[in-house]
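The values are calculated or read from the model by the stated rules, or taken from the named source; none is laboratory data. The structure displayed is predicted, hence computed values, not measured ones. Don't worry about glycine lacking a Cβ; one is built from the backbone with ideal geometry, like all the others, and counts go over all protein chains shown. Ligands, DNA and RNA are excluded from the accessible area calculation, which covers all protein heavy atoms including side chains. Shrake-Rupley method; radii C 1.70, N 1.55, O 1.52, S 1.80 Å.
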Amino acid sequence: VYPGFVVRITQAGLDYARQHGVAILEQELHQLRLPDISGDFRVRRVGKVHYELSSLNLRSFRLPSSQISPIPNVGLQVSISDAFAVVDGNWRVKLHFIRDHGSFDLKVEDLSIRINLKLGSDGSGKPTADVSDCSAHVSSVRVHFSGKFSWLYNLFHSAVESVFRRTLESKVCEQVVSSVRGELQSYLRTLPVTAKIDAVAGIDYSLVAPPVAVAQALDADLKGEFFSLAHRSAVPFSPPPLAIPPDHARMVYFGASSYFFNTAGLVYHAAGALVFELTDSMIPKGLDFHLNTSTFSAFVPQLEKMYPDMLMKLRLSTPAAPFLSIGPEGLSLRPVVDIQAYAILPSASLAPLFLLNLVSGAQLVVPAAAATLGASVLTLPPCPVLPQVRTLQSVMNILASSILLPRLNARLAQGFPLPLLDRVQLSNVLVQSHQ
């Protein structure tokens, strides 16, 4: 019912995209091939005049003024005004026994173009765009013929201007449709539908519905779901409602719900990636602490008798996938962690010693880069406990802060890629947390 990830492109973002899109369209129109124009008309007391215009060449085509507007529940409308073009070519005319030819220059002014774009999505969840309507209107066409029979040219220049106006209006819209279905559609297909994170997981960024135009913005709902590369299965919980706060100060907004992050926990837990092993050799130098039975005999006296002065191994795992919650204070989770302790026997085999079941709290800090979001973990302060448990907790905190958290933060810092079109980079990134 709800997306796990949403994207909003505001009016500022659409304007930025429009600048690049119109620049490409201007180049396409500059390459426009105009057909030869010919016709006949009868002049009173003179007779039938036959004319031909050939080798039409667009010397320039400029689109100086444009704007883009989201039309709610319809799509996007691009309006171009004050466009102009310069055309030259050859002409030939025949009137009875009079035949003449030469060159001409033609100026098109006050050309306006209106393009309605319909947005959708294909079967793979990629965005699509097509032209639902296009209209072009030329207000002014002025043609200048070179030649000695100026009185003759004046007889048919208005007819030429009228025919050329209709031809150009038609060709402009043909080129617009071709550019949208070619250039724009190809570019939209560069949006990644899936992103591989590592050897375990990927992210599904496919659209769950066509993009929707709203007031001053364009919104897109994405699946926003981590999945296992080895075996994809249905997620046993549903996404919560997700809405981007009504802010339009920036070009683009990305929103991720707790569903997005919790599917990651589900995938990595199922893959056994949330299992960590700690040994004495991993303890940083400088710490007056060893992971052996002598240290832990203060809490379990039998250890010193059964396994005197033996090195130990701790195996940390989660009995269930950790669940994360998001609120104005940030991202937080309280995972349940099982710590299985082993003694390392002289034969290198392991003897199980005891099992600790811990409930720990953590907060995530999410920094942002140009195309990815990463994270780091900050542990919450411990709760009041009995003295002997407090001592054991201190030992576990040393192990966690010196060994486990640096490894976990190094992995989280790699982050995950955001769904960005080709050649798009983010700048001035701000990360906020909302309910």
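Work out the length of the dipole vector of the stretch 107-240 about its Cα centre, built from +1 on the beta-carbon of each Lys and Arg and -1 on the beta-carbon of each Asp and Glu, and round it to the nearest 20 debye. Before the final figure, lay out each step's value.
Values: 14 positive and 14 negative charges, 101 e Å.
Dipole about the Cα centre, nearest 20: 480 debye.
Give me the percent of the accessible area of the stretch 194-414 that comes from carbon and sulfur atoms, probe 1.4 Å, all protein chains in place. Walk me through the numbers before you get to the answer.
Values: 7260 of 11800 Å².
Roughly 62 percent, rounded to a whole number.
Can you tell me the FRET efficiency between SER317 and ALA410 if r is taken as the Cβ-Cβ distance and R0 is 22 Å, rounded to the nearest 0.05? Before the final figure, lay out the partial values.
Working: r = 19 Å, r/R0 = 0.88.
My answer for the efficiency is 0.70.
Taking a virtual spin label 7 Å from the Cα of ARG232 along the C-beta vector, which residues in the stretch 190-206 bring their backbone nitrogen under 14 Å of it?
193-197, 201-206
Once Rg and Dmax of the Cα atoms in Å is worked out from the coordinates, which option in (1) 35.1, 129; (2) 21.1, 69; (3) 23.0, 73 does it equal?
This structure yields the entry labelled (1).
Starting from the Cα-Cα distance between SER79 and HIS434, subtract it from 0.36 nm times their residue separation and give me the gain in nm to one decimal. Numbers along the way, then the final one.
Working: separation 355, 0.36 × 355 = 127.80 nm, distance 3.65 nm.
Fully extending the segment from SER79 to HIS434 adds 124.2 nm.
Which distance in nm do the two modelled labels at ARG45 and THR295 give, with both placed 7 Å along the Cα-to-Cβ direction?
Inter-label distance under the simple model: 11.5 nm.
Taking the 0 to 90 degree range and rounding to the nearest ten, how far is the long axis of helix 258-270 tilted relative to the main principal axis of the chain, both from C-alpha atoms?
50
Among all the lysines, which ones have a C-alpha under 20 Å from LYS171's C-alpha, if same-chain residues fewer than 8 places away are not counted?
LYS107
Could you point to the residue in TYR16, MET282, LEU95 farthest towards the positive end of the chain's charge dipole, with +1 and -1 charges on the Cβ of Lys/Arg and Asp/Glu respectively?
The residue sitting most towards the positive pole is LEU95.
Cross-link partners among aspartates and glutamates for LYS223, C-alpha distance below 12 Å, same-chain residues fewer than 8 apart left out?
Straight-distance partners of LYS223: ASP204.
About its Cα centre, what dipole magnitude does the stretch 12-190 give when the only charges are +1 on Lys and Arg Cβ and -1 on Asp and Glu Cβ, stated in debye to the nearest 20?
On the way: 22 positive and 19 negative charges, 144 e Å.
In total the dipole reaches around 700 debye.
In debye to the nearest 20, how big a dipole does the chain give about its Cα centre with +1 on each Lys and Arg Cβ and -1 on each Asp and Glu Cβ? List each step's numbers first, then the result.
Values: 36 positive and 33 negative charges, 246 e Å.
Value, rounded to 20: 1180 debye.
Divide by every residue of the chain the summed helix terms, -39500 (n - 2.57) for each DSSP H run of at least 4, and state the resulting mean residue ellipticity at 222 nm, rounded to the nearest 500 deg cm²/dmol.
-7000 deg cm²/dmol
For the chain, find the longest principal axis of its Cα atoms and tell me its angle to the long axis of helix 11-30, 0 to 90°, nearest 10.
Computed tilt is about 40 degrees.
May I ask for the angle, rounded to the nearest 10°, between helix 387-399 and the longest principal axis of the chain, with both axes built from Cα atoms and the value confined to 0 to 90°?
The two axes meet at around 50 degrees.
Please report the spacing between the Cα centers of the stretch 94-111 and the stretch 193-228 in Å, no decimals.
56
Over the stretch 194-414, with the other protein chains present, what is the accessible area per residue in square angstrom, probe 1.4 angstrom? Provide the component values of the computation, followed by the final result.
Numbers: 11800 Å² over 221 residues.
It amounts to 53 Å² per residue over the stretch 194-414.
Taking the Cβ-Cβ separation of ILE244 and SER332 as r and a Förster radius of 22 Å, what is the calculated FRET efficiency to the nearest 0.05? Walk me through the numbers before you get to the answer.
Working: r = 21 Å, r/R0 = 0.97.
Rounded to the nearest 0.05, the efficiency is 0.55.
If amide H atoms are built 1.01 Å from N in the plane of the peptide, which residues on other chains or at least 5 residues away come under 5 Å of the amide H of VAL252?
Result for VAL252 returns THR10.
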